[in-house]
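Below: one structure, written as structure tokens.
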Amino acid sequence: MMGAMVTCAALDAAVRAAFAARGDTAPCSIPLLVFRLPEFAQRAWREGRPAARRLERCTSQAIEAAAARIMREGDLLAHDAGSEWFAIAMLAPAREGAFAQALDARRMLERITAAVANATGRRMEAGWCPLLSAHDLERNDDVVQRALERGARERERYEFLATLGHELRTPLTSIRGYVETVLDGDVAAPAARRFLEVVRTQALRLERLVDGMLDFSLLDVGYAHETREADLCAVARAAADAIAPIAHEASISVVAPAGRSVRARIDPDACLHALLNLLENAVKYGAPGGRVQLTVRRQDPFAYIDVDDDGPGIPLAERERIFAHRVRGSGTAAVRGAGIGLAIVRSIVERASGTVCAGSSPLGGARFTLRLPSARAESTALSS
Ligand code: ADP
């Protein structure tokens, strides 16, 4: 059966045999994928060897099950009992070209680590490198180190691009939606002007995102929370305007608060950023034809924004872990996403000394609540 586990010595022998069969001069390489369970040694040290062995067994089963689905006939999965390492030699005939081979190796790495993380809740360190000849096996430590370093580099690059793509998509879709509406004609001049103002705001946001991304990672967004205040009602209305074209495509209505000013200590742009991520999710996961509602309230010393939807909601057991970076909820396979939006929301809100949590909404779906330090009452009076 494909995916059955062999020992590392058997994998070594199989790779040598494959090189011998291909001949020394053949310009081919064999991708070697390595996976390490970093918690293994820690667990053994803290809780003893039996606990570490249990962890190893449960990871072995998950990796074996995932590999059986993903590996091709001829590929080999290896592991020695009692060790924190797993390896796969991609011995099945490769597609032509180094690029295709790298793509296949990366895909297999990503799918296996994701499947193991799903099954066990643990992320393994992983990487790959091409074995160019049987001599590479003699410097086994070098090969494994190179594979892990390469894996870490590739993951960093992938995560940066995935985060960037996620953050650019909402403003771009918003801009396209408004521009198309204006181009279609039939829009009265005052409405067209308002639409173009939203386009300008979104374009400025994009510019700031692009400027900012050169200086820091998007998860570490550096807004000036300490010195700035936002009127949460105004920001909620701006967010509802920006998301309108995306909501319109799904026939979802977004209800923004009409109320007077409620001021909080957060950078307005940062607050808009966080709200857009929440609204994008409410529309993405909400039922077509449904409703999304933004509510702002003040209860000193805090100011609150609730984002409610009437979609499927979030299971109790997932309400905390969905805020982790690159974690997606169950049942989301059919919906596009990378598990980044909520991690960014939490990062923004915590930097403003606030909190964000997920719960259930009176509308029947999910409720996300931002709690922020309220700003002084005088500023409320001034701005209302
Ligand atoms: P993504 O949407 O790309 O998966 P996020 O970090 O934005 O990433 O969200 C993480 C998870 O939280 C989603 O995969 C989904 O399971 C859940 N989620 C977020 N918002 C909602 C919502 N409004 N309704 C239901 N589930 C939600």
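The values are calculated or read from the model by the stated rules, or taken from the named source; none is laboratory data. These numbers were taken from a predicted model, which means no experiment stands behind them. Virtual Cβ from ideal backbone geometry, glycine too; neighbours counted across all protein chains shown. Protein only, heavy atoms only, side chains kept; ligands, DNA and RNA dropped before computing areas. Shrake-Rupley method; radii C 1.70, N 1.55, O 1.52, S 1.80 Å.
Mean-square fluctuation check for the chain, GNM, Cα pairs under 10 Å: which of 135, 166, 248 is largest?
Largest GNM mean-square fluctuation: 135.
Ordered by residue, what ³J(HN,Hα) values in Hz, to whole numbers, does segment 236-251 give under the Karplus form 6.51 cos²θ - 1.76 cosθ + 1.60, where θ = phi - 60° and Gly and Pro are x?
4, 5, 5, 5, 4, 4, 5, 8, 3, x, 6, 5, 4, 4, 9, 6
Extension gain residue 51-residue 102, at 0.36 nm per residue separation less the Cα-Cα distance, in nm?
14.8 nm
How much net charge surrounds residue 142 when only the other residues with a Cβ under 13 Å from the Cβ of residue 142 are counted, with Lys and Arg +1 and Asp and Glu -1?
For residues surrounding residue 142, the net value is -1.
Mind jotting down the distance between the C-alpha centroids of segment 361-375 and segment 127-161, whole Å?
Answer, in whole Å: 44.
Could you pull out the chymotrypsin sites (Phe, Trp or Tyr not before Pro) across segment 266-368 that fall in loop regions by DSSP (anything but H, G, I, E, B) with no more than 15 other Cβ atoms inside 10 Å?
none
Using unit Cβ charges (K, R positive; D, E negative) and no other charged atoms, how large, in debye to the nearest 20, is the dipole of the chain about its Cα centre?
Dipole about the Cα centre, nearest 20: 680 debye.
Where does the charge balance sit around residue 87 when Lys and Arg score +1, Asp and Glu -1, over other residues with C-beta under 12 Å from its C-beta?
Value of the local net charge: -3.
Please sort by residue number the GluC sites (Glu not before Pro) in segment 276-360 whose DSSP state is loop and whose Cβ has at most 16 other Cβ atoms within 10 Å.
Passing both the DSSP loop test and the Cβ count: 320.
At 0.36 nm per residue, and after removing the present C-alpha to C-alpha distance, how many nm does the segment from residue 207 to residue 61 gain when stretched out fully?
47.8 nm
5 Å is the cut-off here: which amide hydrogens, built 1.01 Å from N in the peptide plane, fall below it relative to residue 303, excluding neighbours closer than 5 in sequence?
Here the answer is 372, 374, since their amide H atoms fall under 5 Å of that of residue 303.
Against the empirical 2.2 N^0.38 Å scaling, what ratio does the C-alpha Rg of segment 216-383 come to?
This ratio for segment 216-383 stands at 0.99.
Taking 0.36 nm per intervening residue step and subtracting the Cα-Cα distance, what contour gain separates residue 20 from residue 258 on full extension?
Separation in residues times 0.36 nm, less the Cα-Cα distance, equals 78.2 nm.
Taking only Cα atoms and a 10 Å spring cutoff, compute GNM fluctuations for the chain and point out the largest among 370, 196, 183.
183
Show that you can apply the helix-only estimate: for the chain, add -39,500 (n - 2.57) for every DSSP H stretch of four or more residues, divide by all residues, and state [θ] at 222 nm to the nearest 500.
About -17500 deg cm²/dmol.
When the expected Rg is taken as 2.2 N^0.38 Å, what fraction or multiple of it is the alpha-carbon Rg of segment 93-136?
1.40
Compute the helix-to-body angle for 268-285: its Cα long axis versus the longest principal axis of the chain, expressed 0 to 90° and rounded to tens.
With rounding to tens, the tilt is 70 degrees.
Could you check the simple spin-label distance between residue 248 and residue 72, using points 7 Å along Cα→Cβ, in nm with one decimal?
Those two pseudo-labels are separated by 4.7 nm.
Explain nothing, just compute: Karplus ³J(HN,Hα) = 6.51 cos²θ - 1.76 cosθ + 1.60, θ = phi - 60°, for every residue of segment 154-168 in order, whole Hz, x for Gly and Pro.
Values per residue, Gly and Pro as x: 5, 5, 4, 5, 4, 5, 4, 5, 5, 5, 4, x, 4, 6, 7 Hz.
At a Förster distance of 35 Å, what's the computed FRET efficiency of residue 299 paired with residue 193, Cβ-Cβ distance as r, to 0.05?
Efficiency at R0 = 35 Å is approximately 0.40.
Take the alpha carbon atoms of the chain, find their radius of gyration, then divide it by 2.2 N^0.38 Å using N residues; give the quotient.
In units of the globular-protein estimate, the chain measures up at 1.21.
Along the positive direction of the dipole of segment 5-138 (beta-carbon charges: Lys, Arg +1; Asp, Glu -1; about the Cα centre), which of 105, 48, 91 reaches farthest?
The one lying farthest along the dipole's positive direction is 48.
For the chain, what is the accessible area per residue in Å² when the probe is 1.4 Å?
50
If I model a spin label at residue 118 and residue 333 as a point 7 Å from the Cα along the Cα→Cβ vector, what separation in nanometres do I get?
Rounded to a tenth, the inter-label distance reads 0.5 nm.
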